[in-house]
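Written out below as structure tokens is the structure these notes cover.
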């Protein structure tokens, strides 16, 4: 059932330029982050739901293959973080911080069965102020 005593509070809307970095923070109350598997998931109109990472312990993070490299996870006793570097337009999405349910298969069905999730929308990116055209010399 719904566990209303668990509250996930996330960062607010942010607008970033291509190439910039971003740290998402999810503050958790009513739940010991250290003893629970936490996740980041994102959803966009182009690609639908995408699982990014599961946090199993302070040193054990499991990333989906597509998110290895530019995405870096961390957590402490009451917060989970997701650092994204070198932002691109494809990173425009609603990012969800969630506590993992008992489902072990990483799929859209898995996302639907999460016990708690709230979202923030990251609007990336503004167009560059100027474009430099080289002569190819």
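Nothing in this text is a laboratory measurement; each read-out follows from the coordinates by a stated rule. Because the structure is a prediction, the values reported are computed rather than measured. Backbone-built Cβ (ideal geometry, glycine too); neighbour counts: all protein chains shown.
Ordering of 34-42, 71-79, 59-67 by packing is 34-42, 71-79, 59-67, highest average first (other Cβ atoms within 10 Å, averaged per residue). Label positions at residue 21 and residue 78, each projected 7 Å from the Cα along the C-beta direction, are separated by 2.6 nm. Each residue in 33, 15 was given a count of other beta-carbon atoms within 10 angstrom of its own, and listing them fewest first yields 15, 33.
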